[in-house]
1. Rounded to the nearest 0.05, what FRET efficiency do Glu8 and Glu347 have when you use their Cβ-Cβ distance and R0 = 56 Å?
2. Over what distance in Å are the Cα centres of segment 18-86 and segment 212-285 separated?
3. If neighbour count is taken as other Cβ atoms inside 10 Å, put Phe80, Phe278, Phe385, Phe306 in order from fewest to most.
4. Using the Karplus curve 6.51 cos²θ - 1.76 cosθ + 1.60 with θ = phi - 60°, work out ³J(HN,Hα) for each residue of segment 272-287 in order, rounded to whole Hz, and write x for Gly and Pro.
5. Extension gain Gln107-Glu67, at 0.36 nm per residue separation less the Cα-Cα distance, in nm?
6. Taking H as built 1.01 Å from N, whose amide H comes closer than 5 Å to the amide H of Lys180, not counting residues under 5 places away?
7. Neighbouring Cβ atoms within 10 Å as the yardstick, rank Arg350, Arg336, Arg35 fewest first.
8. Report the local net charge at Pro212: Lys and Arg +1, Asp and Glu -1, summed over other residues whose C-beta lies under 11 Å from its C-beta.
Amino acid sequence: MNYIPHTEEQIKEMLKSIGVSDLKELFNDVPDNIRLNENLNLGQSHSELELLKLFNNISKKNYNTEELVSFKGGGCYDHFVPSAIDYLANRAEFYTAYTPYQPEVSQGTLQAIYEYQTFICILTGMDITNASLYDGASAVSEAVLMANRINSKRKVLVSKTVHPDYITTLSTYLVSLDLKLNVIPDKQYVTDIDELSKKIDQDTFAIVLQIPNFFGYIEDVEKIKKILIDKKVLLIICVDPISLGLINSPAYYKADIVVGDGQSLGNYQSFGGPTFGFLATKNTWLRNLPGRIVGKTVDKKGRDAFTLTIQTREQHIRRHRATSNICSNQSLNAFRAAVYCSLLGREGFRKIAKLCFLKSHYLAKKINELDKFSVFFDSPFFKEFVVETNMDIKKINDILLKENIIGGIELGSYYPAFDNHMLIAVTEKRTKEEMDKLVYIFKNID
C-alpha cells in the first residue's frame, strides 16, 4: 500500500467534522510544560536516492560477523545458519503469516508451529511446549509466573549465575506483584549451593538455574536436586539449546519447567534480535502454560489436521483468568528453529555441540598458557569460559577490533567485582587459525 499523506483540505474537513479548529486543539489535554514547543530537528528533506545513500553510509558504521571474527556470546552467538533456512523462511506463506486463527486456511503455518513444538520437546525431554515466547528473558519471567500459579507461595530464588539481563527483566515483571525475588550469590562462577540451601524456606515456590550458566559453566544440578527432596519447590532450568546435543537434558534432572533463548537455532544475531524464547513443561501443568499450543488431530475425512488447541490468553478468555498477556509468538523465528533442527537431525546436533565444546576447550587451554592470562577450569564449561587478567579488558577489545576480531564480554560492565574479567564464546564457526590469532594477539599485548 502506498503512503499518501492527507492534504490540507482533508485535514480541515476532518477537524471541522469533530468541531476542532486546528491540530493544536487535539492536544489541549497535554500540559504545555511537557510539550516540545519547537520543530523537530529533522534536517533538510532528501530525495529517495539521497536517502538510500545516507542510510547505506550509516549502516557501514556497524560491525558484523560476516566481516569480523566474533568471540562474543553472553546469550547471542555467532553460529552457522544453513542457507536452506533463509530460502524456506523467506517464502511468502511463512514470511507474511498472521496468527492462524482460522485453521482451514492456516494448515501450513499451524503444522510448522507443531513441528517446532515437537523439536523443543525432544531437545528438552519435556512433555509439552507452547508456540514460543519473545526471548529468553521473557521465557524466564513467564516461567516464574507460571510456577507461582502452580505453587502459590511468595518467594522465588534465582542464581546470580543466570543471565543478568534475565534477572533484570524478571525483577521488572515482579515489581507490581506481591512476590519476593532473592538472588543467590555465586561461588567461583557457579551457584553457591550452601547459600541456596539456607535461603529455601516454606515460602519458596521456585528456583531458577541456568545450564550452562551465564559464565559458561555447568551447575551441579544433582547436588541441588538433593536439597529439594521433600520440598514443594519447582525447579526452573534455563538452557542453551545447542548444549543439549552433548549434556543431559533438563528432564534428566526432573526439571519442572525448561526455558531458554532460541537465537542459536538457525537465527542470526541481527545486532541483538529479534529472537524467540521457548518454554516447555510437564503435562501436569498444561493449563498453567502461557501463550498457546498447536495440536494435531484428524478431520472428518481422516486426514491430519492442525489447530490452536490451548489459548489461555486474555484475547480469548476473561482477562483475570488468562495465564499471560503474551498475545503472540515469534512464529517466523520459531519456524527457522524447526527448519534448523530438521536439517541437522540428532547426529548433526551432536556434532555441532561437540565442535563447540572441543574448540572452546582448545582455546581456553592456549590462553591459560599465557603469562598474563588465566582461565577458570574448576567447573566444566560448554562453549564459554571466563578469562582473568590484570590488564584492561576494554583496551584488549579495542586492539582486537583493529585486527578484525570482536572480543569477549567485559564482565565488569555487569559485575564491578569482575573487572578485568572477559567472557569468551567459541562456536563451531571458529577455526584453528582464528583462535591461534587471538592467542597471538593476547600474547603480544603490552
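1. Details: r = 66 Å, r/R0 = 1.19.
The calculated FRET efficiency here is 0.25.
2. After rounding, the separation between the Cα centres reads 34 Å.
3. Numbers: Phe80 12, Phe278 32, Phe385 28, Phe306 21.
Neighbour counts put them in this order, fewest first: Phe80, Phe306, Phe385, Phe278.
4. For segment 272-287, the Karplus-derived couplings read x, x, x, 9, 8, x, 10, 9, 10, 7, 8, 4, 3, 9, 3, 6 Hz, x marking Gly and Pro.
5. Values: separation 40, 0.36 × 40 = 14.40 nm, distance 3.95 nm.
Taking 0.36 nm per residue and subtracting the Cα distance, the gain is 10.5 nm.
6. Result for Lys180 returns Lys155, Val156.
7. Details: Arg350 14, Arg336 26, Arg35 10.
Starting with the residue having the fewest Cβ neighbours, the order is Arg35, Arg350, Arg336.
8. Counting the neighbours of Pro212, the net charge comes to -2.
Where a number appears in this text, it was derived from the coordinates with a stated rule and is not lab data. Everything numeric in this text was worked out from a predicted model, so none of it was measured. Cβ coordinates were reconstructed from backbone atoms using ideal geometry, including for glycine residues, and neighbour counts include every protein chain displayed.
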